[in-house]
Amino acid sequence: MTVNLGPSHPAMHGTVRLIVTLDGETIVEAVPEIGFLHRGFSKSSEHSTWHQVLPYTDRLNYVSPILNNVGYIMGVEKLLGIKDTERSQYLRVLAGEISRITDHLTCIGAIGLELGAFTVFLYAMEARELLWDRISELTGARVTTSWTRVGGVASDLPPGWEQKLRDCLPRVMELTGEVDTLLTRNRIFIDRTRGIGVLSAEEAVDWGFTGPCLRATGVNYDVRKAHPYLVYDRMDFEVPLGASGDTYDRYILRLEEIRQSHRIVLQCLEQMPPGPILIDDWRYALPPKKEVFGSIEGVMAHFKLITEGIQVPPGEVYVYTEGANGELGFHLVSNGKGKPYAIQVRGPGLPILSALPRLIKGHAIADLIPIFDSINMIGGEVEQ
Amino acid sequence: MTKVFVDGREVEADPRDNLIEAARRIGVAIPYFCYHPRLSIAGQCRMCLVETSDAPGRLVPGCQVRVKEGMKVVTSSPAVRDNQRGCMEFHLINHPVDCAICDQSGECKLQDYYMEFDHQPSRIRTSKLNKPKREIFGPLVVYDAERCIMCTRCVRFMDEIAQEPQLAVVDRGSHSLISTFPGQPLDSKYSGNTVDICPVGALLNRDFRFQSRVWFVEKSPAVCTGCANGCNVYLESRGNLIYRLLPRRNEEVNQVWMCDEGRLTHHETNEKRVEQGDLARAIELLRPIAGKPGIGISLSAQCTNEEAAAAFDFGARIGAEKYFFTARLDGDGDDFLIRQDKNPNRRGVELAARAAGVTLHDSVEGIKALVAFRTDGLLLEKPLEVFIAIAQNQGIEGQVTLPCQSVYEQDGSVINYYGRLQRTWPGVPAERGESAPAWSWAERILAGLGIAGAPRSAAAAFDLLGLPGLKLEAIPEEGVVLEQLLPAQWPKRAPRPAGAAR
Amino acid sequence: MIETPTARLAFEDFGPAIPPRPAFGRWLAGTIAGWTAFVAFLLFISWLLLAIAALFARLGPIGAAVGNIVGLILILVMVTATLLTMADRKWSALMQDRVGPNRARLSIIPGLRNRPLKGIPHVLADVLKMLFKEDFIPEGAMNNKVLFNLAPLLAFAPAFMLFAIVPVSPEVTFLGQRIQLQVARVDWGILYVFALASLAVFATALAGWTSDNKLALLGGLRASAQLISYEVTLGLTLVGAFIAFGTLRLEEMARLQGMLGPALRSAVVLAARAGDFLVRDDSVLFGWLPSWGFVYQPIGMILFLVAAQAEIKRAPFDTPEGESEIIGYFLEYSGLKSGLFLIAEYAETVVVAGIVTTIFLGGYHLPFIEPTVVRHFDFAWLSVFQVFAFIVKMLFIIWVMFVVRWAFPRFRYDQIMRLGWKMMLPISLFNVALTAGIFLWAGREGLAWMGGIEWLAIIAFVALSARAPRAEEAPHASH
Amino acid sequence: MPRTDLSPGERLYLREAVRGMGVLARHFWKNLFGFRDPAPEVMERKGRGVNLVSTINYPEERKEYPPGYRGMHRLVPRLDGKPRCVACYMCATACPAQCIYIEAGEYEEEAIEKYPVRFEIDELRCIVCGFCVEACPKDAIRMDTGTHAPAVLSRPLAVFDKESLLRGPAVEHSTDVLTYRVPLKTPPR
């Protein structure tokens, strides 16, 4: 029996379609079909200036947009050969880790939701909303942040924001703890997730897994530790590892990563130095508003940057950061103009999604859903 | 050839070259404001100062200094860079914060050079000098003294190229500005060129002013339809509108200039267009009389070669009795770029007629039905039984009027007054209504009447012209001179093919 | 030129409009008033049910039955089930830190135009929506249109008929009529429940099959297997109760869990003679423990609740629906038919709660104070309170079932089967054997002791059993 | 994380069931009897007896958007009520969604020559990235209205024109042309 799940199906986040061949309730074969959310990211980027690509990156992994912003802008900075200010590095890490927490909360909530534990989903969403409120105070928008800039970030911490964050983090962790209570040791949940969607470490590496799904199999690879960028080398955090690479491990690993990200956020708040948040070089960063309003030099630099974009020297870079779901790579090619020649994104979701048929083969159709959720496919980054 | 070294690289330069041109040969761009290759050297802006081996320890203006055998030129030493920065700073002292309202921004040399050579905040703390803004110099040109950097390119152009000295520098020092003479506006027929050569936003085109930003419009090559000279131009268009025409370099037709009249020819394409046509009704009207005597074809000298060829083809297939030639009336001409014949393709229509072996009549008479391929200059003394017009602009209404594409919108070719066959390209991205080239309408009418074989593309129509060895796609960008059409008499200063007699 | 139509809006219409913070005192007063009104409303409903029954009872025995049908099934079950659709959403909202539905307005009533009324108009809105939505029958179902239409009826009707044997009040003289709030008093009592409940499986199977939809078919298959399996456990869990009470009749079971009839009457008479204010409730075990079914049958009660939850296909046993997997056997239904499936689920919840209340929670009995109430008021007042008590207990059970529903993830289909056959069936068999043994050995007193010990064991088990180490206590990889 | 097996208590469902129900029941009773402060900011709800409900009853209750929030656009007026905008098209250029349509016109008498005859924003196309605000060299467009674009019943209604966008407090900078420059001496011929 062939059953068609999606593209419009309650459990198919991000509109993906699974053509599932069943034997009774056992899955013989599953073919994921993507493309329903395709937006032509690469092609659209070629017609935008380097800065105008930024809103597109918001929409890659739309649950942790700041991590995409950071990854992309780091690529442009690498092409330009410049480095952002120290404070902006801390800000990027801070906001990025908050985004990671929101992403993991969403994933955990979705696992709960699809397993019928709707309450878990709502608790996770409640915690996520608290953090997104902070993000919106910081960046001006909850999800479509477009927050980073070449050479820094768009806005500094608003007054009183740090205290607000410190106020809301305990509540976030409390709700995370309640999710923990409701799911982690619950036998129904464990029966549904343990030994389901198992992938060995070797196979995971072969499939190109990264991020929590890879670490759930026991492979110790986290870009933040393996190739530290920004100020991650100054942060004290641990990389949790799973053992068996099943849905349960993927779930519990995300739960643990939330706690680790929480630690990083607190450390960032402690260590963050004062200083500028944007480099002072008018070839790359827009001049301060005062100069734009009042001096011809400022307004000319401003006009050139807006109309023609940042002049990026010809070259080709691949920049990889640890996105919420794994290694988020940006391959940027510049031909020396104000617009990218080509941009490709290595979304962590695609290799993981492509392993889905392997993961769910032989399981019941009811297991498809938790497996699908635990790999946390985000339509935006899989189908650029 | 003279051998010089620019930034350590060897350059084979013409002995008449100055340093800027020599450096340009290997792609090294020395910045300049006042220099123009076709104008005399002024040395006003000091932007082009470079170091040479001839004058160690001091900087020399690249525009004034000619190359010398073995000369070593350094264009990016710290001293040169420092001078460039200083020059920029100097030019910007009194420059108003006007990018937002200045039409030049986007193609402004100040902006380009600032980003390339300066990109530093301003150190000036005094207020800027106020000068007249928005001086209307003439019908096409408006002047803003604050933005002017006194490169005097415009003054030199009017003196040397237009040869109508209408501009001058008045006042002194930082108060100096460009001015017209009292009671004498800048009304030269070439005044638009001063806008083109102005490196900043001081002289602006009143026709284009505030219509669009320069980075929104798309450039595409075309041939001006204003007169028989066939100046090479760039169209700048967006959507289905053409915003302005700029001269395109062609040494043998218009050098780098064009006249004011030609600059305004795009208005015909933008305004008062016929947009819809009832093809079915046209076919209905023609069906009973097709093949019977009494059908006339008229075509205007505004037609492209393809349209003209298709018109004769159409006439032959439908059994036309008579062919009529219409044209716009002659206007003023001069001995430089402006011709009296205000039609872009009189020679082409004549050529097509010769190829088709028909005779062209001037006044429309002796027929019952008329199909007009473009209606410019068409005069009907009495109403006809059937009158189908393929027209670009509103004005003459036939029983059926089919919308014709402008020359700027279609693929095709025209022949200028001295027989230069020049290609023109579709330059407007968006379609205007149902408009189509006249040859396309001819083909569709014939198809509706059940007559096959008419040319279905511009290239096919071009082939009817019977020009051996030439294909439409193969016409080079600068055009081909058809030797048999070369005139005996040349206007005095008009650019002409290299071998032509002066 | 590009023509774009433009919008002119009054910008004052939208903008931050933050209401002032309400005073805490006002909120408190409102809350207290609201709860008082709720209790008063329940009391009024109790009185109304009795009054209706008494009114119809004037028309003779058939009239009495009709009165009970009207009062219990049409008013109590139907209204409760309807309200439960709302309560489910509101309660879940409270559990999940939400506000819950509050958009619908009774805009045709002048004074209530802009009042959300805590979301109550949603009940009406839901009903109207169900009634007026297009009744769409998929093409594939047209071949079996009769069966397709029959399925929701088969789901709906038994759910309501089940309540016929639930006693809501004791036999009492109310408004001059001898009445008891129970539709049918039959010897085979609870067997009626099992007989009718098994009809529901036809509804799911028919719905799944006739929908001509693979996912619905899967749902129907899952439902038939699940329902049939849990029927066994459902029956066995109650066998212990039969043993304990020695009857199948629910009204008997209810009566046995408190003082009624002559015993109550004589106790009150004695107390009146002595002038006591309080009258001792002799049915109370050991002086403090109401002799309710849960005392005798702890395991039976828990298992019954679980099995009933599975039987009415509610989470965590909602695999037949499985909204995130296969959407459910009623996938292709729309409009009123879909509504029938949904309301049947809630009606079944009410019925199960009613049965649990009757068998395990003392039915309509008020512990400790029944004789005192009769001493100071009279039997008619007592019955009003008893109906009230029944409704409150029933609501509590419903609430517990809802908490269960919202707290757990869903089982997988095979895990449900394993739970049913390998865990619940053996335990319930064991429970039957144990109960029978103890009853033969020590009678009901012994059963009470056994129950007490079992409760202690369960509480100790829940409170003291070790929790496996938490995730964060385990070592991390770090480098 | 080495795998830990379930303890016997957990294997029997009941223990975790009770714990889970406990969490829910705690939320339920706290929210049922808690004092719901409809103040929009959840973080400010502190103190005893306050419930946990974080949902906001939009539109009766509204959350105040934070100061930096990118809301609906407005065209900033000058002190004399005309828009500060000089129709430089920077916002239209910077906009990745191309939602801004401008037509420029000319003031006859003022030192600022250019002004927008038409200035329209299609709020449906807008992706609220804020690049237009960043791109404006005249501080003429801002997204500080503290509201968002309203819901509309048809697409054309989401296109806001100059008059409806021009609102909010007027702004003047010392660097404005009108502030420091003498009036145009020679009116255009």
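Pairs B:LYS3/B:LYS492; D:LYS63/D:LYS138; B:LYS131/D:LYS114; A:LYS339/B:LYS219; C:LYS90/C:LYS145: which exceed 28 Å Cα-Cα? Beyond 28 Å: B:LYS3/B:LYS492; D:LYS63/D:LYS138; C:LYS90/C:LYS145.
Modelled spin labels at D:GLU64 and C:ALA442, positioned 7 Å past Cα toward Cβ, are 6.8 nm from each other. When only Cα pairs below 8 angstrom with a gap of at least 6 residues are kept, chain B shows a relative contact order of 12 percent.
Each other residue within a Cβ distance under 15 Å of D:VAL171 adds +1 if Lys or Arg and -1 if Asp or Glu, for a net charge of +4. The angle separating the long axis of helix B:346-356 from the principal Cα axis of greatest extent in chain B is about 40 degrees. Apolar share of the accessible surface for segment B:27-139: 51 percent from carbon plus sulfur atoms, 1.4 Å probe.
Normalised by 2.2 N^0.38 Å, where N is the number of residues, the alpha-carbon radius of gyration of segment A:189-271 equals 1.18.
Centroid-to-centroid, using Cα positions, segment B:1-42 and segment A:113-145 are 63 Å apart. Remark: the protein assembly as shown carries 38 Å² of accessible area per residue (probe radius 1.4 Å; ligands, DNA and RNA excluded).
Rounded, prolate or oblate for segment B:2-92? Axes are the square roots of the Cα gyration tensor eigenvalues, ordered a ≥ b ≥ c, and the cut-off for rounded is a/c under 1.5. It is oblate, given that a/c is not under 1.5 and a/b is not larger than b/c.
How much of the accessible area of segment A:2-382, in percent, comes from carbon and sulfur atoms when a 1.4 Å probe is used?
After summing per-atom areas, the C and S share lands at 55 percent.
Pairwise Cα separations in chain A fall into 10 Å bins from 0 onward with the following percentages, short to long: 5, 24, 32, 24, 11, 4, 1, 0. Averaging the sequence gap over all C-alpha pairs within less than 8 Å and six or more residues apart, then dividing by the number of residues, gives chain A a relative contact order of 26 percent.
Comparing the full protein assembly with the isolated chain, the residues of segment A:149-198 losing at least 50 square angstrom of accessible surface (1.4 Å probe) are A:ARG149, A:GLU178, A:THR181, A:LEU182, A:ARG185, A:ASN186, A:ARG187, A:ILE188, A:ASP191, A:ARG192, A:ARG194. Spin-label model, B:ASN130/C:LEU153: points 7 Å from Cα along the beta carbon direction are separated by 9.2 nm. Note on the protein assembly as shown: percent of Cα-Cα distances in each 20 Å bin, starting at 0 and stopping at the bin with the largest distance, equals 8, 25, 27, 21, 13, 6, 1, 0. Decide, for segment A:17-138, between rounded, prolate and oblate: order the square roots of the alpha carbon gyration tensor eigenvalues as a ≥ b ≥ c, take rounded if a/c falls under 1.5, and otherwise choose prolate if a/b is larger than b/c, else oblate. In terms of gyration-tensor shape, oblate.
Per-residue shielding of C:27-38, expressed as the average number of other chain Cβ atoms within 10 Å of the residue Cβ, stands at 1. Local charge for C:ARG375 was computed over the other residues whose Cβ lies under 14 Å away, with Lys and Arg +1 and Asp and Glu -1, and equals -2.
Determine, from the Cβ-Cβ distance of A:ASN4 and C:THR36 and an R0 of 56 Å, the FRET efficiency 1/(1 + (r/R0)^6), rounded to the nearest 0.05.
Computed FRET efficiency for A:ASN4 and C:THR36 comes out at 0.55.
Calculated FRET efficiency, C:LEU270 to C:ASP378, Cβ-Cβ distance, R0 = 22 Å: about 0.85 to the nearest 0.05. With R₀ set to 30 Å, the beta-carbon distance separating C:ILE458 from D:PHE35 gives a calculated FRET efficiency near 0.25. A simple spin-label model places the labels of C:PHE286 and D:ARG118 8.7 nm from each other, with each point 7 Å out along Cα-to-Cβ. The 1.4 Å probe gives accessible areas that order C:HIS376, D:HIS27, A:HIS262, A:HIS38, largest first, as A:HIS38, C:HIS376, A:HIS262, D:HIS27.
Fraction of C-alpha pairs exceeding 33 angstrom in segment C:133-461: 33 percent, rounded to a whole number. Measuring heavy-atom accessible area with a 1.4 angstrom probe and counting protein chains only, the residues of segment B:128-145 that give up at least 50 Å² relative to the chain alone are B:ASN130, B:LYS133, B:ARG134, B:ILE136. What is the sum of charges, Lys and Arg at +1 and Asp and Glu at -1, for the other residues whose Cβ falls under 12 Å from the Cβ of A:GLU327? Every neighbour counted, the sum reads 0. The smallest convex shape that holds all Cα atoms of segment C:299-351, its convex hull, gives 66 Å³ per residue.
Comparing each chain alone with all protein chains together (probe 1.4 Å, DNA, RNA and ligands left out), the residues of segment C:400-415 losing at least 40 Å² of accessible area are C:VAL403, C:TRP406, C:ALA407, C:PHE408, C:PRO409, C:ARG410, C:PHE411, C:ARG412, C:GLN415.
Compute the angle between helix C:298-311 and the longest alpha-carbon principal axis of chain C, please, reported from 0 to 90 degrees and rounded to the nearest 10. Its long axis makes an angle of about 30 degrees.
Annotation: extensible slack from C:LEU43 through C:ASP135 equals 29.2 nm (criterion: 0.36 nm per residue apart, minus Cα-Cα distance). Ordering B:ARG354, B:ARG38, B:ARG374 by accessible surface, largest first, gives B:ARG354, B:ARG38, B:ARG374; the 1.4 Å probe counts only protein heavy atoms, with every chain in place. For chain C, the longest principal axis of the C-alpha atoms and the axis of helix C:335-360 are separated by about 20°.
Which shape class, rounded, prolate or oblate, goes with chain B when its Cα gyration tensor gives a ≥ b ≥ c as root eigenvalues, a/c under 1.5 marks rounded, and past that a/b bigger than b/c marks prolate?
prolate
Using equal-weight Cα scatterers in the Debye expression, the normalised intensity of segment C:306-386 in log10 at q = 0.21, 0.25 Å⁻¹ is -0.95, -1.15. Using a 1.4 angstrom probe on protein heavy atoms only, the contact between D and C buries about 5200 square angstrom of accessible area, both sides summed.
The values are calculated or read from the model by the stated rules, or taken from the named source; none is laboratory data. Quick caveat, the model's predicted, so the values are computed rather than measured. With ideal geometry, Cβ positions are generated from the backbone for all residues, glycine too; neighbour counts draw on all protein chains shown. These accessible areas exclude ligands, DNA and RNA; they are computed on the full protein's heavy atoms, side chains included. Shrake-Rupley method; radii C 1.70, N 1.55, O 1.52, S 1.80 Å.
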